[in-house]
Amino acid sequence: MRLAMLGPPGAGKGTQARLLAQELNIPQISTGDLLRDAARRHTATGTEARRYMERGLLVPDELALRTVVERMGEGDAVRGFILDGFPRTRAQAVALDEMLASTGQKLSRAVVLEIGDEEIVKRISGRRVCRNCGAMYHAIFDPPRNAELCNQCNGELYQREDDNEDTVRMRLEQYAGKIKPLFQYYEEKGILIRIDGSGPVGDVHRRMLDALKGGAKPA
Ligand code: AP5
């Protein structure tokens, strides 16, 4: 299975990608996580990416693509992968298809999680992430045992720098500005599936599994 998860900030792409990746035993490849990690390590890519991410802007296509290509090259994506937050522009989608075609592969499905603005705000404002292992929590929907510490590794929980009101607004604008041509691209290929991303994590996961097993026709 070679999937791309699309959807606005806070839609649950990371949450659902992680669950599915564990079940299918294939890697979750999150461009956001990879870029944040590069920024923390002060690599040239990370330093450049940070300039865009802290303002809520998409990083340039070339940078996002390079990040994905490097990660795919690690070898564990041979049996399949779940791309979380990539592609985000039509140009990225075309580049991804070209890259896959060069090894005789193609994307199985592009799954978009749809969710209303009010829910986005609730989800993003409550998100907490472990600085050590990356585990994710929500202050209300999935609270950690201790508000400041990770259940899994006792690492410090923090709120992402780009989860403030102004930056979230910009991230939503960027999403709205780029997503239509991307949807159209995948609709024309007949592989776009729209999933209702509202409600509890388990419900969304089941909807996704049903759709991927063929219960829902591509949009
Ligand atoms: P990225 O990190 O990908 O951010 P995003 O797309 O804005 O998405 P989020 O991570 O905010 O949300 P999500 O949909 O993964 O939701 P989550 O599962 O965390 O990208 C960050 C930046 O990197 C971008 O702004 C851009 O600058 C750059 N970038 C990345 N990829 C790029 C690309 N391809 N091209 C160019 N630039 C790129 O859930 C959110 C919260 O809700 C969590 O607390 C979770 O616990 C909770 N939650 C999840 N599901 C549910 C549910 N069903 N019910 C209740 N709570 C839930």
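The values are calculated or read from the model by the stated rules, or taken from the named source; none is laboratory data. Predicted, not measured: the structure shown is a model, and the values here were computed from it. Note: ideal-geometry Cβ built from the backbone for every residue, glycine included; neighbour counts use all protein chains shown. Note: accessible area is taken over every heavy atom of the protein model, side chains too, but ligands, DNA and RNA are not part of it. Shrake-Rupley method; radii C 1.70, N 1.55, O 1.52, S 1.80 Å.
Taking the condition of being part of a strand (DSSP E or B), more than 8 Å from the ligand (Cβ to nearest atom) and farther than 20 Å from Gly32 by Cα, how many residues in the range 112-158 meet it? Final tally of qualifying residues: 2. The residue list Ala211, Ala147 contains one member that is open to solvent by less than 30 Å² (accessible area, probe 1.4 Å), more than 28 Å from Tyr52 (Cβ to Cβ) and out of contact with any His (no Cβ under 6 Å at 6 or more places or on another chain), which is Ala211. Among the conditions (1) hydrophobic (A, V, I, L, M, F, W, C); (2) closer than 24 Å to Phe86 by Cβ; (3) open to solvent by 40 Å² or more (accessible area, probe 1.4 Å), Ile124 misses just one, which is (3). Arg71 meets the conditions (1) free of Cβ contacts under 8 Å to residues at least 60 places away in the same chain; (2) in contact with a Lys or Arg (Cβ under 8 Å, 6 or more places away or on another chain) in every case but one. The failed one is (2). Identify, from the list Gly197, Gly202, the residue that is open to solvent by less than 20 Å² (accessible area, probe 1.4 Å), at pLDDT 95 or above and under 17 Å from Ala17 (Cβ atoms). Among Gly197, Gly202, only Gly197 is open to solvent by less than 20 Å² (accessible area, probe 1.4 Å), at pLDDT 95 or above and under 17 Å from Ala17 (Cβ atoms). Among the residues making up the range 78-106, a single one is open to solvent by 10 Å² or more (accessible area, probe 1.4 Å), assigned to a loop (DSSP other than H, G, I, E, B) and of a type in the set (A, V, I, L, M, F, W, C): Val78. Scan the range 158-165 and give yes if some residue there is in contact (Cβ under 8 Å) with a residue 40 or more places away in the chain and of a type in the set (Ser, Thr, Tyr), otherwise no. Scanning the range 158-165, I find no residue that is in contact (Cβ under 8 Å) with a residue 40 or more places away in the chain and of a type in the set (Ser, Thr, Tyr), so the answer is no.
Within the range 11-39, residues that are farther than 18 Å from Ser108 by Cβ reach partners that are surrounded by fewer than 21 Cβ atoms within 10 Å (Cβ to Cβ) and hydroxyl-bearing (Ser, Thr, Tyr) with beta carbons closer than 6 Å, at six or more positions or on different chains, in the pairs Ala38/Thr45. Taken as a whole, the condition of being touching a residue at least 60 places away in the same chain (Cβ under 8 Å), within 16 Å of the ligand (Cβ to nearest atom) and within 22 Å of Arg88 (Cα to Cα) does not apply to Ile191. Filtered by the rule that a residue be part of a helix (DSSP H, G or I), more than 8 Å from the ligand (Cβ to nearest atom) and among the basic types (Lys, Arg), the range 22-74 gives Arg40, Arg50, Arg51, Arg66, Arg71. When you scan the range 84-107, do you find a residue that is within 11 Å of the ligand (Cβ to nearest atom), over 17 Å from the mean Cα position of the chain (by Cα) and without any contact (Cβ under 8 Å) to a residue 40 or more places away in the chain, even just one? The answer is yes; a qualifying residue exists.
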